[in-house]
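Undergrad: Take this structure first; my questions come after.
Every number in this text was worked out from the coordinates using simple rules, so none of it is lab data. Note that the structure is a prediction, hence the values are computed from the model and not measured. Here the Cβ is made from the backbone with ideal geometry for all residues, glycine too, and neighbour counts use every protein chain on show.
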Amino acid sequence: MTAQLAAYSTSTGEAFQFWVLGTVAVIGALATVFMKKAVHSALSLAGTMIILAVFYLANGAYFLGIVQVVVYTGAIMMLFLFVVMLVGVTAADSLKETIKGQRWLALLCGLGFGILLLGGIGNASLNDFNGLGQANGNGNVEGLAALIFTKYVFAFEITGALLITAAVGAMVLTHRERTERAKTQRELSEQRVREGKYVPPLPAPGVYARHNAVDIAGLLPDGTPSDLTVSKTLRDRGQIRDVSSEALNDLRALEQRSEERLERTEIEPATFKREEASQ
Amino acid sequence: MNPVNYLYLSALLFTIGATGVLIRRNAIVVFMCIELMLNACNLAFVTFSRMHGNLDGQVIAFFTMVVAAAEVVVGLAIIVSLFRSRHSASVDDASLMKL
């Protein structure tokens, strides 16, 4: 392995691995950008990151390869998925452009930037690779540790401060402080009386004698369902069930069954035929 | 194969990430593209470390990872609190300071 790394050119196996996995990595990156749903983007990005971990291992960075899997795909991508779960499912990306022609200009900018970057690398003289054979001689982790705790020890300390600041910052940002005391039940009832609104308790849900489930709106004297009878949570979710047509459907099913038993198919209404065909 | 190809791949991934930041307007996807750019930089660092034959590049890549972790924590917290106040994760909706 060390002899390979010291070589100017890589082995055939590494070349094969590079071309196969590199293609997959680029496809994954493109999918991250162009997938419509955030979950699909996150999964493609996780795939790209795992492939990058393999490339780190191939480049002799054994410690970084493992850390990449543990930290990036293990922790960071899971954090992303959690936030997508909290936020992204309802927040679909609108495809309407707010600035006219912005997408094409952005693509053009990206293309130009890429050409510039690749051209720059192509023109640089990067042909003598020393390889990590000597640097990894005492082991990659030992070599990194020796550098981190001597030459880069100050940066390492600063990193600790940064991590603590980030943890505290995340807690401060997501923790919601109550700005005022929650109202007690007594205060709420007094407020209702003062405003003269809904002074008696709210009407109960359910249409008696047919259903008394909590997600079914009770009927007012004139027969219209009242949304007030259903809990606010169900109302917000739009989970109020409407049973006004259920009795008619039951009747229709009963008629159909009796007709099937009596084999009186000739007088079956046309609507039922169509329903059966669609099923 | 010349190991310079790793640098080309890194440049390509960085470009894709930068284009994604410009194109997408879902804040979470924009953030993922930033992560992609950071990863591409790490790959370049590791390749340069191999090129020069010392481990300094890998140490820098390690620090980049730590900073990226801190950045993700704070950034996602900002996105969550933005979503709470605006009920949207689109970067267009955070336009309170627009004239």
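Undergrad: Taking the criterion of being loosely packed, with under 11 Cβ neighbours inside 10 Å and part of a helix (DSSP H, G or I), would at least one residue in region A:171-186 satisfy it?
TA: Yes, that holds for at least one residue.
Undergrad: Taking region A:206-252, which residues are within 36 Å of the chain's Cα centre (by Cα) and closer than 27 Å to A:Glu187 by Cβ?
TA: A:Val214, A:Asp227, A:Leu228, A:Thr229, A:Val230, A:Ser231, A:Lys232, A:Thr233, A:Leu234, A:Arg235, A:Asp236
Undergrad: Does any residue of region A:205-221 turn out to be free of Cβ contacts under 8 Å to residues at least 12 places away in the same chain, under 30 Å from B:Asp56 (Cβ atoms) and of a type in the set (Phe, Trp, Tyr)?
TA: Checked region A:205-221: no residue is free of Cβ contacts under 8 Å to residues at least 12 places away in the same chain, under 30 Å from B:Asp56 (Cβ atoms) and of a type in the set (Phe, Trp, Tyr).
Yes or no, residue by residue, for (1) of a type in the set (A, V, I, L, M); (2) under 30 Å from A:Leu30 (Cβ atoms):
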site: A:Thr98; (1), (2): no, yes
site: A:Leu107; (1), (2): yes, yes
site: A:Gly133; (1), (2): no, no
site: A:Asn138; (1), (2): no, no
site: A:Gly143; (1), (2): no, no
site: A:Lys151; (1), (2): no, no
site: A:Ala155; (1), (2): yes, no
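Undergrad: When you scan region B:72-89, how many residues do you find that are in contact (Cβ under 8 Å) with a residue 24 or more places away in the chain and either buried (at least 21 other Cβ atoms within 10 Å of the Cβ) or closer than 15 Å to A:Ala166 by Cα (or both)?
TA: 5
Undergrad: Need the failing condition index for B:Ile23 against (1) more than 20 Å from A:Ile51 (Cα to Cα); (2) surrounded by 24 or more Cβ atoms within 10 Å (Cβ to Cβ); (3) out of contact with any strand residue (DSSP E or B) (no Cβ under 7 Å at 6 or more places or on another chain), just the number.
TA: Against the list (1) more than 20 Å from A:Ile51 (Cα to Cα); (2) surrounded by 24 or more Cβ atoms within 10 Å (Cβ to Cβ); (3) out of contact with any strand residue (DSSP E or B) (no Cβ under 7 Å at 6 or more places or on another chain), B:Ile23 comes up short only on (2).
Undergrad: Further question: Out of the residues in region B:20-46 that are facing chain A (nearest Cβ under 7 Å) and touching a residue at least 60 places away in the same chain (Cβ under 8 Å), state the one that is nearest to the chain's Cα centre (by Cα).
TA: B:Ile28
Undergrad: Shifting gears a bit: Could you list all residues from region A:133-184 that are in contact (Cβ under 8 Å) with a residue 12 or more places away in the chain and of a type outside the set (A, V, I, L, M, F, W, C)?
TA: Those that are in contact (Cβ under 8 Å) with a residue 12 or more places away in the chain and of a type outside the set (A, V, I, L, M, F, W, C): A:Gly133, A:Gln134, A:Asn136, A:Gly137, A:Asn140.
Undergrad: Tell me yes or no: at least one residue of region B:48-60 is of a type in the set (Asp, Glu), at negative phi and surrounded by fewer than 21 Cβ atoms within 10 Å (Cβ to Cβ). Write out each step before concluding.
TA: At the first step, the residues of region B:48-60 found to be of a type in the set (Asp, Glu) are B:56.
If we keep only those that are at negative phi too, we end up with B:56.
Filter once more, keeping what is surrounded by fewer than 21 Cβ atoms within 10 Å (Cβ to Cβ): B:56.
Yes, some residue in region B:48-60 is of a type in the set (Asp, Glu), at negative phi and surrounded by fewer than 21 Cβ atoms within 10 Å (Cβ to Cβ).
Undergrad: Given the criterion under 14 Å from A:Val67 (Cβ atoms) and touching a Lys or Arg at 6+ places or on another chain (Cβ under 9 Å), identify the matching residue among B:Val67, B:Val46, B:Val59, B:Val30. Give the steps one after another, and end with the answer.
TA: Values: B:Val67 fails: touching a Lys or Arg at 6+ places or on another chain (Cβ under 9 Å); B:Val46 fails: touching a Lys or Arg at 6+ places or on another chain (Cβ under 9 Å); B:Val30 fails: under 14 Å from A:Val67 (Cβ atoms).
Unique residue meeting the criteria: B:Val59.
Undergrad: Still on this structure: Can you tell me how many residues in region A:124-157 are part of a helix (DSSP H, G or I) and within 9 Å of chain B (Cβ to nearest Cβ)? Walk me through it before giving the result.
TA: The first filter runs over region A:124-157 and keeps only residues part of a helix (DSSP H, G or I), leaving A:140-148, A:153-157.
Still in the list and also within 9 Å of chain B (Cβ to nearest Cβ): A:140, A:143-144, A:146-148, A:155-156.
Total meeting the criteria: 8.
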